[in-house]
Amino acid sequence: MQTTLGLDFENFCEESIKDIGLSRYTRHPSNEPLMLAFKFRGRSPEQVVFAEGQKISKGLRKDLTNPRIIKTAWNAAYERRVLADVIGIHVPIDQWRCTMTHAMGRSLPGKLSKAGEALGLAVDKQKDRRGDSLIRRFCFPRKPTKNKPWTRATRHTDPVEWEEFKGYNLQDSVAEEAIADYLMEWPMTAYE
């Protein structure tokens, strides 16, 4: 079996990816990586929290550029573009596998949370249900209020939720691998 490295970025951007598209989103000057969960198949997930001053280690950088290691992600186009446009690490497309595409090709839902539910995965193998609200909190600008005059939630403004957000990011990599493991019985063809 080939070594796989699952990736999951969480980014902040003043623009919505739905409004401007992936390419413009990842190239937008306000796009900032907050954290990256990464997981080698069968191992515990690890994390780089850019918003706390961490950087990608030399070892991880080497793994990301190693053509013998297949990179996987749910909606791999997103992680691929963030790596290239925001982080500056270009990984050829033939080194990527998209778990979402694989799932959808096997008639599973395109949302990570829905696919895990459809498969009846154990709760500890599913996406954290609080994720959408945490993404809205930390990945998008907010309207300031009298009591909260900032335009962006951060680890300083919302420390409890920030720790939950880091846990959510790690859990996504676990959920993605659980779905990928299930789908190994029905592999994608080389053409796909």
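The values are calculated or read from the model by the stated rules, or taken from the named source; none is laboratory data. Keep in mind it's a predicted model, so treat the numbers as computed, not measured. Quick reminder, even Gly has a Cβ in these numbers, built from the backbone with ideal geometry, and neighbours come from all protein chains shown. Calculation scope for accessible area: heavy atoms of the full protein, side chains included, ligands and nucleic acids excluded. Shrake-Rupley method; radii C 1.70, N 1.55, O 1.52, S 1.80 Å.
Which of Lys18/Lys166; Lys111/Lys166; Lys62/Lys114; Lys55/Lys166; Lys18/Lys71; Lys58/Lys127 have a Cα-Cα distance over 26 Å?
Lys62/Lys114; Lys58/Lys127
Let me know the charge dipole size of the chain about its Cα centre in debye, to the nearest 20, where only the beta-carbon of Lys, Arg (+1) and Asp, Glu (-1) is charged.
The calculation lands at about 400 debye.
Using a 1.4 angstrom probe on the protein heavy atoms only, could you order His156, His28 from most to least accessible area?
Most to least solvent-accessible, the answer reads His156, His28.
Tell me, how many Å apart are the Cα centres for the range 97-169 and for the range 1-18?
12 Å
Rounded to a whole number, what % of the accessible area of the range 3-155 do carbon and sulfur atoms account for, probe 1.4 Å?
50 percent
With springs only between Cα atoms under 10 Å, which of Pro92, Pro159, Pro149 fluctuates most in a Gaussian network model of the chain?
Of Pro92, Pro159, Pro149, the Gaussian network model singles out Pro149 as fluctuating most.
For Lys143 and Ala118 in the same chain, what is the full-extension length gain: residue separation times 0.36 nm, less their Cα-Cα distance, in nm?
5.4 nm
Whenever you get a sec, line up Phe138, Phe40 from highest to lowest accessible area (probe 1.4 Å, protein heavy atoms). Before the final figure, lay out the partial values.
Numbers: Phe138 0, Phe40 25 Å².
Largest accessible area first, the residues go Phe40, Phe138.
Would you mind working out the accessible area per residue for the chain, using a 1.4 Å probe, and quoting it in Å²?
Per residue, the chain has an accessible area of 56 Å².
At a probe size of 1.4 Å, how large is the accessible area of Trp150, to the nearest 10 Å²?
80 Å²
Counting other Cβ atoms within 10 Å, which GluC sites (Glu not before Pro) in the range 125-190 have at most 15 and lie in a DSSP loop?
Qualifying residues, ordered by number: Glu185.
Tell me, what HN-Hα J-couplings in whole Hz come from the Karplus equation 6.51 cos²θ - 1.76 cosθ + 1.60 at θ = phi - 60° for each residue of the range 27-34, using x for Gly and Pro?
Taking θ as phi minus 60°, the curve returns 9, 5, x, 8, 5, 9, x, 8 Hz for the range 27-34.
Give the ranking of Ser23, Ser107 by solvent-accessible surface, highest area first, calculated with a 1.4 Å probe.
Numbers: Ser23 55, Ser107 110 Å².
From most accessible down to least: Ser107, Ser23.
If you split all Cα-Cα distances of the range 91-167 into 5 Å bins from zero, what percentages do you get per bin, shortest first?
Result, from short to long distances: 3, 13, 16, 15, 14, 14, 12, 7, 4, 1, 0 percent.
Give me the distance in nm between label points sitting 7 Å out from Cα along the Cα-to-Cβ direction at Thr101 and Asp19, one decimal.
So the two model labels end up 2.9 nm from each other.
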